[in-house]
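Engineer: Dumping the structure here so I can ask a few things about it.
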Amino acid sequence: MPSLKDLKNRIGSVKNTRKITKAMQMVAAAKLRRAQEAAEASRPYTERFNAVMGALAASVGSSENAPLLLRGTGSEQNHLLVVLTAERGLCGGFNSNIGKLAKQRATELLAAGKSVKIITVGKKGRDNMRREFGEYFIGHVDLSEVKRIGYENAQNIAKDILTRFDEGEFDVATMFYAQFENVVSQIPTAQQIIPAKFEASDDQGGSTFYEYEPGEEAILADLLPRGVATQLFAALLENGASEQGARMSAMDNATRNAGDMIDKLTIEYNRSRQAVITNELIEIISGAEAL
């Protein structure tokens, strides 16, 4: 049974931990508001961009004149997995859920005899997958020094991916990230970015006719590389909001758990102290009766 001093020290330690988790919860709440606004502000542009690209892709189809980023290499043997996670932990299952989805896809591809290459964005994704799939790593992007994610960060990642594609290192590229829903719900998502896949919206179809200048193929050749960067940027923003939401929820749970532990330790401390006092009274009374 722990002594009174040990219980008192443990209560003090848990109280200090609760102060830290409470502070981290408040910081995550403040960051979440900005990150959520950024993610939600990017959605209309991304959706409209994809709709326009979908209409262009539908008109071009898979003809020989279509850009390579749209029609693909004609093979699905070599796959590139781009795993987007956070640089820091203490955010519940946010990082592990993305890593789990990426591991599942890599395992399926390897079982099918496909070649797998992995690029990680964020230290936690690299640490999560290094043990099982470290031999397949070909690159890592460190964003720990970036205070605020910008389009140029996504553009740099996209340039590296496109360069590798032009050099024939892979045929299909898929990125993994978390789609932000709310504070308690972040959905791990896999999205193919090469060859590009777009879905034309309803207002792009039907009897409406669009005439493009200089032409669908030329426009796609110019916009498809930007589309890869746009998709990566949107995923990074979704990840940022998901990370702060997951951290806020995790720190809130940790704060409540610390409070429950303090209550239990306080009850144990009071009972132990009462037992000590009772024993001292018994000793005093027994000594007085002996006299």
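The values are calculated or read from the model by the stated rules, or taken from the named source; none is laboratory data. Treat the numbers as computed from the prediction; the structure is a model and nothing was measured. Cβ sites come from the backbone with ideal geometry, for glycine too, and all protein chains shown count toward neighbours.
Engineer: When residues of region 183-193 are filtered for being at pLDDT below 90 and part of a strand (DSSP E or B), how many remain?
Structural biologist: Residues that pass the stated criteria total 1.
Engineer: A further question on this structure: May I ask you to verify whether residue 70 is free of Cβ contacts under 8 Å to residues at least 60 places away in the same chain, in a helix (DSSP H, G or I) and of a type in the set (A, V, I, L, M, F, W, C)?
Structural biologist: So residue 70 does not fit the description; no.
Engineer: Sticking with this structure for a sec: Is it the case that residue 75 is more than 27 Å from residue 264 (Cβ to Cβ) and over 27 Å from the mean Cα position of the chain (by Cα)?
Structural biologist: Criteria met by residue 75.
Engineer: Can you say whether residue 256 is more than 20 Å from residue 147 (Cα to Cα), charged (D, E, K, R) and either under 19 Å from the mean Cα position of the chain (by Cα) or exposed (fewer than 12 other Cβ atoms within 10 Å of the Cβ) (or both), as far as the supplied structure shows?
Structural biologist: So residue 256 fails the test.
Engineer: Then there's this: Within region 225-263, count every residue that is among the basic types (Lys, Arg) and in contact with a Phe, Trp or Tyr (Cβ under 9 Å, 6 or more places away or on another chain).
Structural biologist: Residues in region 225-263 being among the basic types (Lys, Arg) and in contact with a Phe, Trp or Tyr (Cβ under 9 Å, 6 or more places away or on another chain): 2 in total.
Engineer: Return the residues of region 63-96 that are polar (S, T, N, Q), touching a helix residue (DSSP H, G or I) at 6+ places or on another chain (Cβ under 9 Å) and over 17 Å from residue 139 (Cβ atoms); say none if nothing qualifies.
Structural biologist: 63, 65, 73, 95, 96
Engineer: May I ask you to verify whether residue 178 is of a type in the set (Gly, Ala, Ser), farther than 16 Å from residue 35 by Cα, touching a Pro at 6+ places or on another chain (Cβ under 9 Å) and in contact (Cβ under 8 Å) with a residue 40 or more places away in the chain?
Structural biologist: For residue 178, the condition - of a type in the set (Gly, Ala, Ser), farther than 16 Å from residue 35 by Cα, touching a Pro at 6+ places or on another chain (Cβ under 9 Å) and in contact (Cβ under 8 Å) with a residue 40 or more places away in the chain - is not met.
Engineer: Here's another thing I want to ask about it. Can you pull out every residue in region 135-182 that is of a type in the set (D, E, K, R), assigned to a helix (DSSP H, G or I) and within 27 Å of residue 67 (Cβ to Cβ)?
Structural biologist: 152, 159, 160, 164, 166
Engineer: In this structure, does residue 9 turn out to be part of a helix (DSSP H, G or I), of a type in the set (S, T, N, Q) and not assigned by TED's automatic domain parsing to the domain that holds residue 237?
Structural biologist: Here the answer is yes, as residue 9 does meet what is asked.
Engineer: If the requirement is being modelled with pLDDT under 80 and either part of a strand (DSSP E or B) or not hydrophobic (A, V, I, L, M, F, W, C) (or both), which of these qualifies: 252, 203, 222?
Structural biologist: Matching residue, one of 252, 203, 222: 203.
Engineer: Does residue 90 meet the test of being hydrophobic (A, V, I, L, M, F, W, C) and at positive phi?
Structural biologist: Yes: the conditions hold for residue 90.
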